[in-house]
Structure formats: structure tokens, C-alpha cells
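K.L.:
Before I ask anything, here is the structure I am working with.
The values are calculated or read from the model by the stated rules, or taken from the named source; none is laboratory data. Not measured: the values here are computed from a predicted model. Note that each Cβ is placed from the backbone with ideal geometry, even for glycine, and that neighbours are counted across all protein chains shown.
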Amino acid sequence: MTEIKFFNRWSAEGIKVEDIGLSKYITLDPRIMPKSGARYAGARFHKSNTFIVERLASKLMSSGHKGKKHFMSSGHNTGKKNKVLKVVEKALAKCEMQLKQNPLAILVKAIENAAPREEVIAIEYGGARYPKAVDVAPQRRIDIVLRYMAQGAYVKCFNKKKKIEDSLAEEIIAAYQCSARSNAVAKKKDTERQAASSK
């Protein structure tokens, strides 16, 4: 049987999720073209069955949302999934060129490194609001890290000469190396520091 390679270039064989909490929620079954067409939209936890590369592409299609406001316009790629998938493919190719590894392994490790384990919620008690540290659900951990990666990539290239595929590749590589240059890693450290002080 012929092996399926995503983007018809890279194999997903032998890649494992080392973080036990995330292993059920990161799907690595490769698709030649990661475009499910909302096949799982009606099912509970449907995102867990979607190839992780497609989930990253979906986040790039709504890059403008930050703090319930359009921090920057994402109109040029909204609804144009083929366009975004080409951006992701070029970014993964740049990651492979720099680190000489399978780009899917780089992406999975980057997500594991940048996914926050704790966050802060506000609870109201006697008319006053207090911060409280809570554990983050694994599905939400992945959603948060992909959102921060997309936002970090767009911040680096918005109104600049740098291309989105270059800034996305930089973001993934920085998260893979656990570097604070990554927006997702910086946000994770900030969130966990706030959670530690709210215990």
C-alpha cells in the first residue's frame, strides 16, 4: 500500500506526541491536502480528529481576532484555505531547510513546548473578584498555542516587508527551541507566572 504523505512531500511515520496529556488531541494521520471541509463540524471534540496542520491553517484564516477586537485585518485570507495551506507548506519547508528534520515533528514539538498548563480565571466572592489558577484542558491548550502562533506570525509581518511564511517559520522554530522570541512561548510563560502568583 502506498504511503500517504501530507502535501505529497512529508511522511508522518514514526512521529509521536511525547506529552501524554496532548497525545489524544493531536491527530497525525496524514492527508495529501489537509482540507476536511468541516466534515467533523457536528461532532463533539471534532477538532481532535482534524489533522494538526489543518488546524494551524484554520487559525491563520482568522488572524485578526485579539481581545474580541480586530487587531489587524485578516480579510486577505479569510475563506481562502488553499492560499493559507500554501503559506503553511512554504513555512514548513523553511523549517525543514533550517533544522534538517521532518517539519511535522518540528511543529508537534513546538506545540508541546508552547502549550500552557495553567491559566488564571476570575471568581467573584462577596462582591469582589479574585484571580484563581486553574489547569487548562488539553483541547484548549492546543487551541491557545495555535492562536498565539498565528497572531505572533502576523504581528511580525503586518505592514512590513517580511512575508507571512517567513514569520510563521520563525515562530514555529522559536517555539521548537523553547525560545522567548516565540510569541506563543512568551505568552505561556507570562500566563503560568500569573497562575503561580494566584495560588
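K.L.:
Do we have any residue at all in region 179-196 that's closer than 19 Å to Val87 by Cα and without any contact (Cβ under 8 Å) to a residue 40 or more places away in the chain?
P.N.:
yes
K.L.:
Here's a follow-up. Among the candidates Lys100, Lys160, which residue alone is without any contact (Cβ under 8 Å) to a residue 40 or more places away in the chain, surrounded by fewer than 21 Cβ atoms within 10 Å (Cβ to Cβ) and closer than 20 Å to Lys16 by Cα? Working first, answer last.
P.N.:
Working: Lys160 fails: closer than 20 Å to Lys16 by Cα.
On inspection, the qualifying residue turns out to be Lys100.
K.L.:
I'd like to check something: does region 121-139 contain any residue that is within 30 Å of Lys199 (Cα to Cα), buried (at least 16 other Cβ atoms within 10 Å of the Cβ) and in contact (Cβ under 8 Å) with a residue 60 or more places away in the chain?
P.N.:
Checked against the condition, which is being within 30 Å of Lys199 (Cα to Cα), buried (at least 16 other Cβ atoms within 10 Å of the Cβ) and in contact (Cβ under 8 Å) with a residue 60 or more places away in the chain, region 121-139 yields at least one hit.
K.L.:
List pairs: first in region 32-47 and under 19 Å from Arg147 (Cβ atoms), second part of a loop (DSSP other than H, G, I, E, B) and modelled with pLDDT under 75, Cβ under 8 Å, 6+ apart or cross-chain?
P.N.:
Listed by first residue and then by second, the contacts come to His46/Tyr40; Lys47/Tyr40.
K.L.:
Would you mind telling me which numbered condition in (1) out of contact with any Leu (no Cβ under 8 Å at 6 or more places or on another chain); (2) over 17 Å from Leu60 (Cβ atoms) Ala114 fails?
P.N.:
Ala114 satisfies all of (1) out of contact with any Leu (no Cβ under 8 Å at 6 or more places or on another chain); (2) over 17 Å from Leu60 (Cβ atoms) except (2).
K.L.:
Also, I was wondering about something else. For region 168-199, what are the residues that are surrounded by fewer than 19 Cβ atoms within 10 Å (Cβ to Cβ) and out of contact with any strand residue (DSSP E or B) (no Cβ under 6 Å at 6 or more places or on another chain)?
P.N.:
Gln177, Cys178, Ser179, Ala180, Arg181, Ala186, Lys189, Asp190, Arg193, Ala196, Ser197
K.L.:
Here's something else I'd like to know. Return the total of residues in region 131-188 being under 17 Å from Ala93 (Cβ atoms) and outside any helix (DSSP H, G or I).
P.N.:
So the count comes out to 2.
K.L.:
Which residue, of Lys94, Lys16, Lys47, Lys24, is within 18 Å of the chain's Cα centre (by Cα), outside any loop (DSSP other than H, G, I, E, B) and modelled with pLDDT of 85 or more?
P.N.:
Selected residue: Lys94, the only one of Lys94, Lys16, Lys47, Lys24 that is within 18 Å of the chain's Cα centre (by Cα), outside any loop (DSSP other than H, G, I, E, B) and modelled with pLDDT of 85 or more.
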